[in-house]
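This report concerns only the one structure given below.
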Amino acid sequence: MSIAFEKGFVMSFRAVIFDVDGVIIDTAHIHHLSWREVFKKYGVNNFTFSDFKEKIDGMPREKGVMKILPGIKPAEVKKIAAMKQFYFSKFLKEKKVKIFCSTIRLIRTCRKKGIKTAMASSSRNARPILIREGLFKLFDADAKGAYIKKGKPFPDIFLRAAALLKVKPAECVVFEDAPAGIRAAVSAGMKSVGVDRDGKQCFTGADMVVTDLSEVSFEKLCRFFCGKKGMSRIKRKK
């Protein structure tokens, strides 16, 4: 079904949905430092950044805790999650948040073209950080993933975003930097773009993989999703 037209070709999407950390802003290093401090208290002294990306990133705090500390009691999980938030708030005040300007440009262009926008983060910190940085106003909807029972890789967060935007799942393009997020987008029946900044992630099921959204102009995005199937990895220009 034709949805809209852009420079002579048919566009196949009406909305774009963005994960926040790693796609719009970069606080991954702060999250990692926070988790590392917490896990040290539980005998995990070698919690690496790779561990964070593979086992916790993109998931609700409680689920991440249980992955690193299997068998831990539910009451203790809540305590650990609260402790992590304490450290995150502390480090956030001390360190500057990086903003990915290429992502902001793409969001602004999409809005100018009449494409609806939503943020879909599993982190409770995403909204206040975007508000602080003056970026929250760029979104028509916030899926509030931290309050959804089934987090990524379940599709619930993206389905909620589509419902808030009043579009069909098939009319959405999701931008994610975590494998769990891509799996969630695929399960939701949405198109997806994996943002693989370090070139080490495995985005099985993604329609497109880039290292930065500077590689994806609005026109390229439109052309790519006009019937092209299968994953395409766009390499960073040297």
Springs between alpha-carbon atoms under 10 Å, Gaussian network over the chain: tell me which of Val23, Val44, Val97 tops the mean-square fluctuations. Val44
Å³ per residue of the Cα convex hull, for the chain? 122
Ranked list, fewest to most other Cβ atoms within 10 Å of each Cβ, for Met83, Met190: Met83, Met190
May I ask you to list the chymotrypsin sites (Phe, Trp or Tyr not before Pro) in the range 42-119 that are in a DSSP loop and have at most 15 other Cβ atoms within 10 Å of their Cβ? Tyr42
One finds, for Lys149 and Ser89 with R0 = 30 angstrom and r their Cβ-Cβ distance, a FRET efficiency to the nearest 0.05 of 0.75
Computed over the Cα atoms, what is the radius of gyration of the range 28-94 divided by 2.2 N^0.38 Å, N being its residue count? 1.00
Could you check which residue among Val173, Val209, Val77 shows the biggest mean-square fluctuation in a GNM of the chain with a 10 Å Cα cutoff? Val77
Rounded if a/c is under 1.5, else prolate if a/b is larger than b/c, else oblate: which is the range 130-236, with a ≥ b ≥ c the root eigenvalues of its Cα gyration tensor? rounded
When the Cα centres of the range 81-118 and the range 52-66 are compared, how far apart do they sit, in Å? 18
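Just so you know, all these numbers are worked out from the coordinates, no wet-lab data involved. Note that this is a predicted model, so its numbers are computed, not measured. Heads up, the Cβs are rebuilt from the backbone with ideal geometry, glycines too, and the neighbour counts pull from every protein chain shown.
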